[in-house]
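To start, the structure under review is shown below, and the notes come after it.
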Amino acid sequence: MAWAKNASQLIPPLGRMEKIMSHLLDLQSVFEKLILLQHFAHGSEQYCRERLVGSEYDIGDGALDEYWSWVKGIVSSYTLECGIRLRVLLDTFTGRPEADKIVSLDFAARSGVVIGQVVEGKFELTLRETCNKIIHARKVITVWTTGIAGDVTFKHWSGDLDLSGIKGGKNWRLLLHISPWARCVEQFLEEAESAELTVYVGQDWY
């Protein structure tokens, strides 16, 4: 193949650029983090039970403080990364023929599943909207609850993130159930891949 004489020869004509896609999103990494989020949410109670985190035996709440930092750091990081990448993926289909299919896959993935609770404000909990809330939240709190080990009360992460912020001058607040949310996103991406909607994600043109 002959080398281009100048940079302009490396740029495809506009007609070929109409379907330029997004950043290369590494969806496999998204799948990995979605699975780990689900494991983390389901395993927190047993983890804290074995260590009696936040109990009368956790002197000065040292174990609780350490575990809180792990939960807040990992859950925030993974949820944000998945939310951003999914939002970018969804944006690539805006105004394209596949847009209606994407909406139907979003609805199907959430069918029969409660992924969160709108505490304040009015908005539909589509996967796209949950991504918006994750990205734009001004306050993010990991919600804790108590468990019983014999006659000892301990604390563990409930599996929820309490997100809140402001949109259009109005407050909103969402209690996001991380495990079912992650499972729905996982199912959505699986169906999108099966329908070959993500084949060209990251391509410069096709």
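Brief remarks follow.
- Inter-residue pairs, beta-carbon under 8 Å, first on the phi > 0 side of the Ramachandran plot and in segment 144-162, second in a strand (DSSP E or B) and buried (at least 17 other Cβ atoms within 10 Å of the Cβ), 6+ apart: G159/H177
- Subset of segment 108-124 that is aliphatic (A, V, I, L, M) and farther than 20 Å from L27 by Cβ - its residue that is surrounded by the most Cβ atoms within 10 Å (Cβ to Cβ): V118
- 1 or more residues at pLDDT 95 or above, out of contact with any helix residue (DSSP H, G or I) (no Cβ under 7 Å at 6 or more places or on another chain) and among the β-branched types (V, I, T): qualifying strands (runs of 3 or more DSSP E) within segment 123-198: 139-149, 152-167
- So V103, is it among the aliphatic types (A, V, I, L, M), modelled with pLDDT under 95, farther than 30 Å from G169 by Cα and under 21 Å from the mean Cα position of the chain (by Cα): no
- Within segment 89-102, considering residues that are of a type in the set (A, V, I, L, M) and surrounded by 15 or more Cβ atoms within 10 Å (Cβ to Cβ), the one nearest to Q28 (Cα to Cα): L89
- Lone qualifier among L161, L105 - being under 19 Å from Q38 (Cβ atoms), crowded, with 17+ Cβ neighbours inside 10 Å and hydrophobic (A, V, I, L, M, F, W, C): L161
- Cross-chain or 6+ apart pairs with Cβ under 9 Å, segment 66-84 first and under 19 Å from R183 (Cβ atoms), then modelled with pLDDT under 95 and surrounded by 19 or more Cβ atoms within 10 Å (Cβ to Cβ): E81/V30; C82/V30
The values are calculated or read from the model by the stated rules, or taken from the named source; none is laboratory data. Keep in mind that this is a model prediction, so the values were computed, not measured. Cβ sites come from the backbone with ideal geometry, for glycine too, and all protein chains shown count toward neighbours.
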